Amino acid sequence: MSTHPSFEHWLQSRLTAHGFATGGVDGIVGPNTRGALEAFQRARGLPQTARADDFTVAALRQTASRVPGFVRPLDSDDEPEPMQAQRFPRQRDVAAFYGPVGRNQVLVDVPWRMVLAWDKRRVAKRMSLHEKVVDSARRAIDKTYRVLGDDGIDRLGLNLFGGSLNVRRMRGGSAYSMHSWGIAIDWDPQRNQLRWKHPKARLSHDDARAFWEIWEDEGWVSLGRERDFDWMHVQAARL
Ligand SMILES: [Zn+2]
């Protein structure tokens, strides 16, 4: 972000669009812009860093009219919902948002060595994902590799692909699985079995937190982080 030549202009114009005055869009991040940033973060229930961190940038990207103010009382135990999560629909709205199951798929390259979890002799170079989630998935996959490297990938089991597109019903139900649209990815299913909780599930360990935050910054949802089950799974749909 910081290497983009017009990032500061973008930042100021987005703050202004959201109703937070920066003292002009001059590309110079001074006290006025930092104050606007902090006020925006406070209003949205974000950590008040007065910096354009990933969380804040994602919230600024939202259309101003679609971002509600932070209305929960201050003594609420609820975490504010991350605003960038609103990029993707709720589970109940996925059919309207993504269309028919099994369609509009794109093959996405994975830059590290990955094999099929259920047949480790077979290399998986790509995964099938819905065209509406491809950009965010590519960013998350590439950042995962930059942050973790081959050693971290192998340690967490991200080299063991558990599947993405798979048109099927949810276990024990008639509704389609999120995998049916190619908007969910499973990793290392053997060490993250469906009903396993923290700390039994491998991806529930502290060293996987950076991995999950990368996906969450893109609006994806971990069932493990949200509900403490199915730690293999990440999806582009809110609960
Ligand atoms: Zn899954």
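Any read-out appearing in this document is the output of simple, stated calculations on the displayed coordinates, not a laboratory observation. These numbers come from a predicted model, not from an experiment. Counting neighbours? That spans all protein chains shown, and the Cβs are built from the backbone with ideal geometry, glycine included.
State, to one decimal in nm, how far the label point of residue 17 lies from the label point of residue 197, with both points 7 Å from Cα in the Cβ direction.
4.3 nm
For the chain, what does -39500 (n - 2.57) per DSSP helix run (n ≥ 4), summed and divided by total residues, give at 222 nm, in deg cm²/dmol to the nearest 500?
Only helices count here, giving -9500 deg cm²/dmol.
Gaussian network model of the chain, Cα springs within a sub-10 Å range: biggest mean-square fluctuation belongs to which of 151, 54, 228?
Judging by the Gaussian network model, the answer is 151.
So how do 56, 49 line up by other beta-carbon neighbours within 10 Å, fewest first?
Ascending Cβ contact count within 10 Å gives the list 49, 56.
Could you give the dipole magnitude of segment 88-235 about its Cα centre, charging the beta-carbon of Lys and Arg +1 and that of Asp and Glu -1, in debye to the nearest 20?
I would put it at about 580 debye.
Return the whole-Å distance between the Cα centroid of segment 190-209 and the Cα centroid of segment 12-58.
Cα centres, segment 190-209 to segment 12-58: 36 Å.
How would segment 102-162 be classified by its alpha-carbon gyration tensor: rounded, prolate or oblate, with rounded meaning a/c under 1.5 and the a/b versus b/c comparison settling the rest?
It comes out oblate by the Cα gyration axes.
Give me 164, 174, 136 ranked fewest to most by other Cβ atoms within 10 Å of their Cβ, as a rough exposure proxy.
The most exposed by this proxy come first: 174, 136, 164.
With 10 angstrom as the radius, rank 98, 176 by how many other C-beta atoms surround their C-beta, starting from the fewest.
Lowest to highest Cβ neighbour count: 176, 98.
To check you understand DSSP bridge types, tell me what percent of the beta bridges within the chain (both residues inside) are antiparallel, rounded to 5.
Once the DSSP bridges in the chain are tallied, antiparallel ones form about 85 percent.
Rounded, prolate or oblate for segment 88-235? Axes are the square roots of the Cα gyration tensor eigenvalues, ordered a ≥ b ≥ c, and the cut-off for rounded is a/c under 1.5.
rounded
Give the long-range amide H neighbours of residue 176: residues separated by 5 or more places, or on another chain, with amide H under 5 Å away, using H modelled in the peptide plane at 1.01 Å from N.
Under 5 Å from the amide H of residue 176 lie the amide H atoms of 170, each far enough along the sequence or on another chain.
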